[in-house]
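What follows is a single structure, written as structure tokens, with notes after it.
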Amino acid sequence: MNTEHAASKAGLAGAPAPSPTLVRLAGILTLLGIALSVPALLGEADRTRFGFAYLWSFVGLWSVVLGSLFFVGLQHLTGSIWSVVIRRTAEMLAGSMWLVALLFLPLLLFGIFFDQFHLFPWVDESNVAGSHLLQEKQPYLNATFFTVRAAVFFAAWIAFAAYFVRTSLEMDHGRAPADAGGALRRAAGPFTLIFALTATFAGIDWIMSLDPYWFSTIFGVYIFSGMVVASLAAITIAVVCLRESGRLRRDVVTDDHLYSLGVLMFVFVCFWAYIAFSQYMLIWYANMPEETAYLHNRLQGNWLAVSIALALVRFVVPFFALLSRRAKMNPRILFWVSIWLLAGQLLDLYWLIMPELHDHHPVLGWQELGPPLLMTGALLWYVSRFLARHAPMAIGDPLLDQSLSFRL
């Protein structure tokens, strides 16, 4: 698309502009997060709780950002038309991958210094010496290879995010090559394969290895399903907020576009439930001690209530909330269901991570609140920075005209 044509489309979306409200909210959340994190980190009695809370919060942020990058790649891979008018919101979230990488660095230190944070038991030499299984897993589960894998993961994710987002922005200003759309589609194929491998191994490294005696062949798909639900929820929140604020016009992002987002959320809510039940059923049916111990710990005491709540929050409530066609086209319902689904993602990750620290009952106090506030503030800061510099819609995409006329 040439510069004149792109400029003629600029009126379809709000011009880049700072959002003082978003900046203030990001600042408040970040300061609160720091204020709660520092004493927990410095207090010897609270340090372990802080380390687990940081991991919990980080994985939540990572799932939203990497899931958004997957959404962008999927739209290019399929040549999707309907999503062009809302794809920039996913690009906005995916572009923060470099920030996620920076936030991973403290977690890397927490994991390596096991004697202070007790995150990954395979780091502790005394644990390894007393376990034949951990000795057998040492070629994979060791601090050096763990760090190298994380570096490779983030290098790949940052590279693809930078390429997809930068090319989309260059198309806005007519600076992209003539075949930029085709190049993006060709890059999306390799990205999808790399995403599948890296997301799976990252989930194994950062979550499953908290209990190195347990394994599940379906765990990577479980992490993927929750990641897609969380990212779709975050994208929907951004789209609805931009639409209600006037940054995205209602005759541009129509109810049909919202319906398509709602359908995707509904489908992946059902997919998550299917994978969750499949994992449980296979472990229950096989009845192997090395597998059943993981679920047994989460079905005892007060953790049973969390397990039941997880099924209600992640599947039952959103299933019925999004079941009707009208609900999928209602921006208010989509907004609150998306908030609910993000809370469900945090609950799911809490259920996966925290029993390794609190094996008898769940614990949630001020020690756990600092990291999620800090990371939410950091993401909102990035979003405010992005919106102050770039249009909230891909006005230079060659498929924009078809997306504008999209109707069900």
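Do we find that LEU108 is surrounded by fewer than 15 Cβ atoms within 10 Å (Cβ to Cβ) and in contact (Cβ under 8 Å) with a residue 12 or more places away in the chain in this structure? Judged against the criteria, LEU108 is a match.
For segment 179-205, a residue qualifies if it is small (Gly, Ala, Ser) and closer than 18 Å to VAL84 by Cα, and the qualifying residues are ALA180, GLY181, GLY182, ALA183, ALA187, ALA188. The set of residues in segment 182-214 that are among the charged types (D, E, K, R) and in contact (Cβ under 8 Å) with a residue 12 or more places away in the chain comprises ARG185, ASP205, ASP211. In this structure, is PRO372 within 23 Å of the chain's Cα centre (by Cα) and either part of a loop (DSSP other than H, G, I, E, B) or farther than 22 Å from MET208 by Cβ (or both)? It is false that PRO372 is within 23 Å of the chain's Cα centre (by Cα) and either part of a loop (DSSP other than H, G, I, E, B) or farther than 22 Å from MET208 by Cβ (or both).
Just one of the numbered conditions (1) in contact with a Lys or Arg (Cβ under 8 Å, 6 or more places away or on another chain); (2) not in a helix (DSSP H, G or I) is not true of ALA45: (1). Does at least one position in segment 4-19 carry a residue that is acidic (Asp, Glu) and either modelled with pLDDT of 95 or more or not in a helix (DSSP H, G or I) (or both)? No - not one qualifying residue is present in segment 4-19. Can you tell which of ALA238, ALA293 is surrounded by fewer than 20 Cβ atoms within 10 Å (Cβ to Cβ) and either part of a helix (DSSP H, G or I) or of a type in the set (D, E, K, R) (or both)? Only one candidate passes the filter, namely ALA293.
Filtering segment 244-279 to residues that are of a type in the set (Lys, Arg) and in a helix (DSSP H, G or I) leaves nothing. Confirm whether GLY27 is of a type in the set (Gly, Ala, Ser) and either crowded, with 24+ Cβ neighbours inside 10 Å or within 21 Å of the chain's Cα centre (by Cα) (or both). So GLY27 fails the test. Scanning segment 270-328 for residues that are among the polar types (S, T, N, Q), free of Cβ contacts under 8 Å to residues at least 40 places away in the same chain and touching a Phe, Trp or Tyr at 6+ places or on another chain (Cβ under 8 Å) returns a single hit, THR292.
Residues that are of a type in the set (Gly, Ala, Ser) and out of contact with any Pro (no Cβ under 6 Å at 6 or more places or on another chain) were ranked within segment 38-59; the one that is surrounded by the most Cβ atoms within 10 Å (Cβ to Cβ) is GLY51. Are any of the residues in segment 79-88 in a helix (DSSP H, G or I), within 25 Å of ASP397 (Cβ to Cβ) and within 18 Å of the chain's Cα centre (by Cα)? Yes.
Scanning segment 385-404 for residues that are assigned to a helix (DSSP H, G or I), acidic (Asp, Glu), in contact (Cβ under 8 Å) with a residue 12 or more places away in the chain and crowded, with 19+ Cβ neighbours inside 10 Å turns up nothing. Of all the numbered requirements in (1) in a helix (DSSP H, G or I); (2) under 30 Å from TRP284 (Cβ atoms), PHE154 misses one, and that requirement is (2). Find all pairs meeting these conditions: Cβ atoms under 8 angstrom apart; at least six residues apart or on different chains; first residue within segment 147-167 and touching a residue at least 60 places away in the same chain (Cβ under 8 Å); second residue surrounded by 14 or more Cβ atoms within 10 Å (Cβ to Cβ) and of a type in the set (D, E, K, R). Taking only residues 6 or more apart or on different chains, the pairs are PHE164/GLU91; VAL165/GLU91.
The values are calculated or read from the model by the stated rules, or taken from the named source; none is laboratory data. Just so you know, these numbers come straight off a predicted model, no measurement behind them. Because the Cβ atoms are built from the backbone with ideal geometry, glycine has one as well, and the counts that use them run over all protein chains shown.
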